[in-house]
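**Q** Pasting a structure below so you can have a look.
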């Protein structure tokens with residue numbers, strides 16, 4: 001076994017059997033990993049991926065590093081670059097860590113105070129945070145030449161996590177209530193309506209103090225950005241009108257589709273280009289770490305059906321394996337944006353490089369529990385320990401190209417512990433959906449929600 005897997009594997013076997021908040025197994029089947037039952041294997045997975053955001057956090061900010069390379073090879077010395085969206089996922093992962101007994105509640109309070117100290121002083125633009133900062137200074141690191149200002153989508157992912165944390169701490173100790181109050185001020189300071197570019201009925205992704213609206217990226221569905229529109233409608237201070245959602249995101253109803261893929265109703269228009277049947281699987285994860293798709297529907301579709309169909313269509317694609325790539329099948333499936341032999345790539349049917357991204361299947365546990373468990377068992381077979389490291393499954397691999405890279409990305413590791421927890425207990429869904437603003441915002445946009 002590799003050096004990271006060995007020590008953490010045996011540590012977490014002990015932890016998995018003694019964790020105070022452990023649930024009973026849902027079935028009597030065992031994984032192939034030294035006889036661990038499925039519940040304990042899920043504990044192991046959650047513990048390792050949680051550690052990316054705990055042990056692996058940037059120390060000054062307490063936030064998630066954009067990437068962690070176990071081979072210590074970094075582009076442009078980016079070891080301490082932190083990410084706003086990935087940190088939103090990590091905030092939720094920390095709450096999982098408390099509930100699963102990986103850390104104490106007091107330890108989480110200490111970390112949240114560090115995080116808020118950073119967020120209250122770091123660069124932001126009309127209350128909107130950039131995609132990246134330098135963790136030691138809080139100064140923006142441009143994501144691209146003109147992307148050096150506010151990133152509304154990444155800010156939405158961060159706010160999703162912060163609101164879940166606010167709900168978690170709001171009735172706690174004095175220090176916990178102070179955390180909730182500080183989060184509330186940050187949330188209310190985000191000028192969502194600024195990103196309508198002066199009143200257009202659509203939200204724009206980027207604004208820069210140096211380049212204004214030059215990025216010119218209006219966000220229309222369907223992709224990973226539903227949470228941005230929900231939060232923008234929910235804001236009690238800088239909210240958008242329903243027309244921004246219906247005309248911008250939903251494209252005046254054109255978001256609906258009657259198309260099927262592998263027999264599954266696609267529900268909403270997944271097309272980014274006409275020849276791409278479905279999107280990468282992170283579309284079924286990022287907006288739904290807090291936004292509960294169970295019983296969620298609006299005039300355009302039912303969101304549980306949307307995400308379940310999306311995940312199952314990826315699974316069935318891997319079963320058929322039309323490109324004949326090595327390794328694809330019922331135990332090895334799932335494509336999303338991740339590392340690849342060609343750098344970062346948006347893997348999906350229609351844009352398939354023979355690369356499997358573990359987060360795709362593992363973060364789909366709520367939608368495809370049996371299929372995701374098959375993938376989890378496969379990954380943690382001792383013979384495949386080169387796919388697993390200190391922080392859980394590595395970002396991506398390709399049997400076809402004999403390509404394996406010991407590297408992690410925050411936006412891929414973060415959804416795993418969170419969505420697994422939503423599958424097991426619904427924790428983050430319950431927290432986020434309990435926020436009164438979210439209830440009002442969903443109603444404002446015409447959503448119905450019955451868990």
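**Q** Return the distance in nm (one decimal) between the two label points of a simple spin-label model at residue 450 and residue 385, each offset 7 Å from Cα along Cα→Cβ.
**A** In this crude label model, residue 450 to residue 385 measures out at 5.1 nm.
**Q** Add -39500 (n - 2.57) for each DSSP H run of 4 or more in the chain, then divide by its residues: what number comes out at 222 nm, to the nearest 500 deg cm²/dmol?
**A** -11500 deg cm²/dmol, from helical runs alone.
**Q** Between residue 178 and residue 399, with labels modelled 7 Å along Cα→Cβ, what's the label distance in nm to one decimal, could you check?
**A** Each label point lies 7 Å from its Cα, and together they span 5.4 nm.
**Q** With N set to the number of residues, divide the alpha-carbon radius of gyration of the chain by 2.2 N^0.38 Å and report two decimals.
**A** For the chain, the normalised Cα radius of gyration comes out at 0.92.
**Q** Counting only Cα atoms, I'd like the Rg/Rh figure for region 112-244, Kirkwood definition for Rh.
**A** 0.98
**Q** Further question: Can you give the Rg/Rh ratio of region 183-276, where Rg is from the C-alpha atoms and Rh is the Kirkwood radius?
**A** Answer for region 183-276: 1.04.
**Q** In addition: Taking only the alpha-carbon atoms of region 312-373, what semi-axes of the equivalent ellipsoid follow from 5 times the gyration tensor eigenvalues under a square root, in whole Å, largest first?
**A** Ellipsoid half-lengths, sorted descending, are 18, 14, 9 Å.
**Q** Go through 297-307, 207-217 and give me the packing order, highest mean Cβ count within 10 Å leading.
**A** 297-307, 207-217
**Q** Calculate, in nm to one decimal, what residue 214 and residue 247 gain on full extension: separation in residues at 0.36 nm each, minus their alpha carbon distance.
**A** 9.7 nm
**Q** Then there's this: Ranked highest first by the average count of other Cβ atoms within 10 Å around their residues, in what order do 218-224, 259-265 fall?
**A** Output ranking for 218-224, 259-265: 218-224, 259-265.
**Q** Let me ask you something else. Taking only C-alpha pairs under 8 Å that are 6+ residues apart, what is the relative contact order of region 335-451 in percent?
**A** After rounding, I find 23 percent.
**Q** Evaluate the relative contact order of the chain (contact order divided by residue number), counting alpha-carbon pairs under 8 angstrom at least 6 apart; express in whole percent.
**A** 17
**Q** Separate question: Give me the Kirkwood hydrodynamic radius of region 293-451, using the inverse of the mean 1/r over all pairs of distinct Cα atoms, in Å to one decimal.
**A** Taking the inverse mean of 1/r over all distinct Cα pairs, region 293-451 comes out at 16.7 Å.
**Q** Let me ask you something else. Can you pull the one-decimal nm distance between simple spin-label points at residue 344 and residue 72, each 7 Å off the Cα toward Cβ?
**A** Computed distance between label sites residue 344 and residue 72 equals 2.5 nm.
**Q** Expressed in whole Å with the largest first, what are the equivalent ellipsoid semi-axes of region 123-184 derived from the C-alpha gyration tensor as the square root of 5 times each eigenvalue?
**A** Working from the Cα gyration tensor, I get semi-axes of 27, 12, 8 Å.
**Q** Rounded to the nearest 0.05, what FRET efficiency is calculated for residue 197 and residue 106 with R0 set to 41 Å and r the Cβ-Cβ distance?
**A** 0.40
Bear in mind that the values in this text are calculations on the coordinates, not laboratory data. Just so we're clear, the structure is a prediction, and the values are computed from it rather than from any experiment. Neighbour counts are summed over all protein chains in view; Cβ atoms, including those assigned to glycine, are modelled from backbone coordinates with ideal geometry.
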